[in-house]
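For reference, the structure is listed below as structure tokens.
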Amino acid sequence: MAEDTLRRLRHEMSAEGIDAIIFPTADPHGSEYVAPHWQARRYVSGFTGSAGTAVVTRDEAALWTDSRYFLQAAAELSGSEFTLMKEGLTDTPTMTEWLLRKMSANGGTCVAVDGNMMSYAELTRLQTSLKAIGVTVRTNYDAMRMIWPDRPAIPSNSIYAVDAEYIGESTSDKLLRIRTEMRLKQADAYIVTDLMEVAWCLNLRGNDIPMTPVFIGFLIIRQDTATLFCNGVLTTEARDMLRASHVDVKPYNDITSQVKALDGRTLCDADTINYNIYKATPHPIDTPSPISAMKAIKNAKEIEGFRRSMLLDGVAMVKWLRWLKPAVEAGGQSEISVSDKLEQMRKEANEFRDLSFSTISGYNAHGAIVHYTATPDTNAALHPEGLLLVDSGAQYTCGTTDITRTIALGPVTPEMRRAYTLVLKANIALATTPFPEGTNGTQFDSVARSVLWRGGLHYMHGTGHGVGWRLCVHEGPHSIRMDWRPEPLCPGMTVTDEPGVYIEGQFGIRTENMMLVVESELGVPFLRLEPLTLCPIDTAPIDLSLMTKEETEWLNKYHARVRTELLPLLTDEQDREWLTNATKPI
């Protein structure tokens, strides 16, 4: 299949005079998770991860992805033409460096990409670099139209209003805030392309992307009116809400003509807006999205919703954890079967709507594959020994969850025990360290990471990411990671706390809680992280000799809170007894 796809693609490249084509993981909205219609990179390469860029030349192919997917990509690309490029390693060239080298060596003159699939800023940088060696970038080429005969249609599902009890701020008030920012920039219009920002601004949600409750659409905000461009079917309540906020609705494909007709200064975030839309804008003002920062700071109703969703998720997790070890001991369980069981238990809540991402259920060696997804071919049988890493989450009507627990299914090795304890200590370090206002995620990152560094361990993924309220489980602009992120952590932001250790071929460990940035007891100007997640952390693999008194006290206090909040919601006496034992002081 992949070989035939590349053959047909190269035939089209030859006919068009194209020497290389770039396939980002993207849609016209810069989404992290994309609808099947735009999964060109996956179609061409066979790599199924959520992040990566494929490049195909007349005689070579390469795929770039980050450390979360190194092992997965190596397995999925095995036997194909694609060379895996491991981003972040010192000996790995960037995509641009690789293209410069290949075009220079082969006399190439034209690189193509669909300008809807890359941001204006990113594509402009690429053009500048390639122009230096006489290579042009064709920005209007969608190769998939020629070689993907059964390409799925652009989704156009139902668009509905957010539950009123959790809105916290009306659409009109959000538009008012945005228009205030526009006036400060002397802008007449603002083009919103990010799907999460469109959904947040309008208090609407959809089902166009699996596990991310957004809908495909653009939004143009003017000082007096706004226009939503979408093909989805609006519910009566959604239409009424838009009408009350003076938001018109036009077909999705009208966006380009309407952008070209704008006659005033228009706000555009060059880092997120796609190249073609930016180029169609008559008078663009490049400025960071004001909505991104607004959306990241949750209002009181959204925080209330998050807390409600953590109770629902905690109940499901407790029931599942109580079931897990006896089920494994009885035999017949696998990575997929226990993942399915957890989803089943989450579905028992009336407020459950979907998972928030595909569950990662990795046993022993598979746990070392950071974003592993079990398939029928890789589905490992579970045994009452070793470690099971499960990273999962759900979308409830009241909020979004993301939690990782690593569970000892039976005896573990001394190496596993040591690594598990160091990961827990790193998690606790981030949860217990106050930080002054203005601190960004990069400055805060080493608080967790240094615990593992002192033990000779390291991980390459971020330590924490924002979580959207009934939106994408990954939300910016803030994050806690090594590479530079200037956005400060502010009260009201959600962020995960998820250090890990991954020993290839042996095991993986990650402990993750969702956190809320709040004011510290130290008072202004200090802040801290408060756990939102309510679920026991497995104490069986802990090496208590490595824990300090303060760390043990924190864990006991956290478990006491988990017990206090979840016990009243558990009706099964066995569940209640299990939770009591799982959260007893150590």
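Couple of notes before you dig in:
- Selection within region 176-231: residues that are on the phi > 0 side of the Ramachandran plot and among the polar types (S, T, N, Q). The member of this set that is modelled with the lowest pLDDT is Gln186.
- Restricted to region 468-523, the set of strands (runs of 3 or more DSSP E) holding at least 1 residues that are open to solvent by less than 30 Å² (accessible area, probe 1.4 Å) and within 20 Å of Ser292 (Cα to Cα) comprises 475-480, 494-497, 513-519.
- Filter result (within 26 Å of Asp254 (Cα to Cα), out of contact with any strand residue (DSSP E or B) (no Cβ under 6 Å at 6 or more places or on another chain) and small (Gly, Ala, Ser)) within region 162-203: Ser172
- Top-ranked residue in region 225-236 [being within 16 Å of Val198 (Cβ to Cβ) and not in a strand (DSSP E or B); ranked as most open to solvent (accessible area, probe 1.4 Å)]: Asn231
- Gly332 being over 23 Å from the mean Cα position of the chain (by Cα) and not basic (Lys, Arg): yes
- Residue check, Glu343 modelled with pLDDT of 95 or more, out of contact with any Lys or Arg (no Cβ under 6 Å at 6 or more places or on another chain), open to solvent by 30 Å² or more (accessible area, probe 1.4 Å) and among the acidic types (Asp, Glu): yes
One line per residue, one yes/no per condition, for (1) in contact with a Leu (Cβ under 6 Å, 6 or more places away or on another chain); (2) among the polar types (S, T, N, Q); (3) open to solvent by 20 Å² or more (accessible area, probe 1.4 Å):
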| site | (1), (2), (3) |
| --- | --- |
| Asn140 | no, yes, yes |
| Arg151 | no, no, yes |
| Pro155 | no, no, yes |
| Gly168 | no, no, yes |
| Ala187 | yes, no, no |
| Met196 | yes, no, yes |
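- Screening region 524-546 for residues that are among the hydroxyl-bearing types (Ser, Thr, Tyr) and assigned to a loop (DSSP other than H, G, I, E, B) and picking the one that is surrounded by the most Cβ atoms within 10 Å (Cβ to Cβ) gives Thr533.
- When the residues of region 8-46 are filtered to those that are within 30 Å of the chain's Cα centre (by Cα) and hydroxyl-bearing (Ser, Thr, Tyr), the one that is most open to solvent (accessible area, probe 1.4 Å) is Tyr33.
- Looking at Gly232, Gly217, just one residue is free of Cβ contacts under 8 Å to residues at least 60 places away in the same chain, closer than 25 Å to Asn157 by Cα, in contact with a Gly (Cβ under 8 Å, 6 or more places away or on another chain) and among the small types (Gly, Ala, Ser), and that residue is Gly217.
- Each residue in region 106-125 was checked for being at pLDDT below 95 and open to solvent by 80 Å² or more (accessible area, probe 1.4 Å), and 1 of them qualify.
- Restricting Gly49, Gly79, Gly88 to those that are crowded, with 18+ Cβ neighbours inside 10 Å and part of a loop (DSSP other than H, G, I, E, B) reduces the list to Gly49.
- Verdict on Ile403 being touching a Cys at 6+ places or on another chain (Cβ under 7 Å) and open to solvent by less than 10 Å² (accessible area, probe 1.4 Å): yes
- For region 58-76, the set of residues classified as open to solvent by 20 Å² or more (accessible area, probe 1.4 Å), small (Gly, Ala, Ser) and in contact with a strand residue (DSSP E or B) (Cβ under 8 Å, 6 or more places away or on another chain) consists of Ser67, Ala74, listed by residue number.
- Of all the residues in region 373-390, those that are open to solvent by less than 10 Å² (accessible area, probe 1.4 Å) and either under 21 Å from the mean Cα position of the chain (by Cα) or among the acidic types (Asp, Glu) (or both) number 2.
- Any chance Ala327 is assigned to a loop (DSSP other than H, G, I, E, B), surrounded by fewer than 23 Cβ atoms within 10 Å (Cβ to Cβ) and of a type in the set (A, V, I, L, M, F, W, C): no
The values are calculated or read from the model by the stated rules, or taken from the named source; none is laboratory data. Note that the structure is a prediction, hence the values are computed from the model and not measured. FYI the Cβ positions are ideal-geometry reconstructions off the backbone, even for glycines, and counts take in every protein chain you see. Remember, those area values only see protein heavy atoms, side chains included, never the ligands or the DNA or RNA. Shrake-Rupley method; radii C 1.70, N 1.55, O 1.52, S 1.80 Å.
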